[in-house]
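Colleague: Quick one: the structure is below, and I'll ask about it shortly.
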Amino acid sequence: MLLAMTSPVPQVIPCVDIQSGRAVRLYEGDPDRETVYFDSPLAAARHWADLGAGFLHLVDLDAATGRGENRAVIAEIVRELGVPVEVGGGVRDRAAAQTLLDAGVQRVVIGTAAVRSPELVAELIADYGPGRVVVSLDARGLEVATHGWAEGSGVLVGELTPRLAGAGLHTLIFTDVTRDGTLRGLDRDLMRQVRGLWRGELIVGGGVADTDDVRLLAEEGIEGAIVGRAIYEGTLPYPVRL
């Protein structure tokens, strides 16, 4: 697996969130509370690749919220950078997933569709293999949020994880949306609960602030984290060394 942990340090995966063609970070997932870090998402992606990132997490925020899409920008990053990427945001049907995979994206990230159309996850894994498909459960507490985090689904993480394991999923991303972009640090109790619910590879996000959070991941047996604001603003130096 690309993200298998080969050292005591969990993997920190730089995130490039794309909104209106720029690299931004949102506060608690609110598309109207953005901080622009790079005018060019390609420049942002290249910045992290030049610092040694071997994998990048891209999110098309406009596609996630139904405000548009940034597929051309994502294709440019894939074409120009040569670093494997996973892409989420608005991947809610087979056609969207296939378009990204055919464009050279290493892995597609399924969010809302994993709740609304769980059969899609099984179909994509059957066709492309578990190394090309990831599910992202974005939640407030343990309730999954959908449609760009705007809606509560009424579905709990623990209701979905057995189904996802049965579909052959290897890697789960869990994001605490109440802390995303806040630099408040990870919620250890919540991380421990999610670790108990998912025994496959677990990548988390939401609130990572500094090296203490990376140590928390190691202590809880979590393989990695997707990080944005902390590495953009330098509260977590990148590359990460403990």
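The values are calculated or read from the model by the stated rules, or taken from the named source; none is laboratory data. Remember, it's a predicted structure, so these values are computed and weren't measured experimentally. Heads up, the Cβs are rebuilt from the backbone with ideal geometry, glycines too, and the neighbour counts pull from every protein chain shown. Each accessible area value is taken on the protein alone, full model and side chains, heavy atoms only, with ligands, DNA and RNA left out. Shrake-Rupley method; radii C 1.70, N 1.55, O 1.52, S 1.80 Å.
Colleague: D189 to E219: extension gain in nm, 0.36 nm per residue of separation minus the Cα-Cα distance?
Modeller: Length gained between D189 and E219: 9.6 nm.
Colleague: Evaluate 2.2 N^0.38 Å with N set to the residue count of the stretch 175-223, then give the Cα radius of gyration divided by it.
Modeller: 1.03
Colleague: Something else now. From zero up to wherever the largest Cα-Cα distance of the chain sits, split into 5 Å bins and tell me the percent of pairs in each.
Modeller: Percent of pairs per bin, in order: 1, 7, 16, 20, 22, 19, 12, 4, 0.
Colleague: Dipole of the chain, Cα-centred, from +1 at each Lys and Arg C-beta and -1 at each Asp and Glu C-beta, to the nearest 20 debye?
Modeller: About 300 debye.
Colleague: Let me ask something else. If I ignore ligands, DNA and RNA and count only protein heavy atoms, how much of Y37 is accessible to a 1.4 Å probe, in Å² to the nearest 10?
Modeller: Near enough 50 Å² of accessible area.
Colleague: While we're on this one: Based on the Cβ-Cβ distance from R140 to D50, what FRET efficiency comes out when R0 is 35 Å, to the nearest 0.05?
Modeller: It comes to 0.50.
Colleague: What does a probe at Y128 reach in the stretch 58-72, counting residues whose amide N is under 15 Å from the point 7 Å along Cα→Cβ?
Modeller: Inside the label zone: 58-60, 71.
Colleague: Can you tell me, using C-alpha contacts under 8 Å and at least 6 residues apart, the relative contact order of the chain as a whole percent?
Modeller: Once normalised by length, the contact order is 20 percent.
Colleague: Compute, for H47, the solvent-accessible surface of its heavy atoms (probe 1.4 Å) with the complete set of protein chains present, and express it in square angstrom to the nearest 10.
Modeller: Probe radius 1.4 Å; accessible area of H47 about 70 Å².
Colleague: In whole percent, what relative contact order does the stretch 71-141 give with Cα contacts below 8 Å and a gap of six or more residues?
Modeller: Answer for the stretch 71-141 is 28 percent.
Colleague: So if the hydrodynamic radius of the stretch 69-122 is defined as the Kirkwood radius over C-alpha pairs, what does Stokes-Einstein give as its diffusion coefficient at 10 °C and 1.306 mPa s, in µm² per second?
Modeller: Translational diffusion coefficient: 139 µm²/s.
Colleague: Here is a follow-up. Arrange the residues D39, D180 by how much accessible surface each exposes, largest first, with a 1.4 angstrom probe.
Modeller: D39, D180
Colleague: Modelled label-to-label distance, A165 and T235, 7 Å Cα→beta-carbon offset: nm?
Modeller: Going from the A165 label point to the T235 one covers 3.4 nm.
Colleague: Something else about it: How would you order 218-226, 154-162 from highest to lowest mean count of nearby Cβ atoms within 10 Å?
Modeller: So the peptides 218-226, 154-162, ranked by packing, come out 218-226, 154-162.
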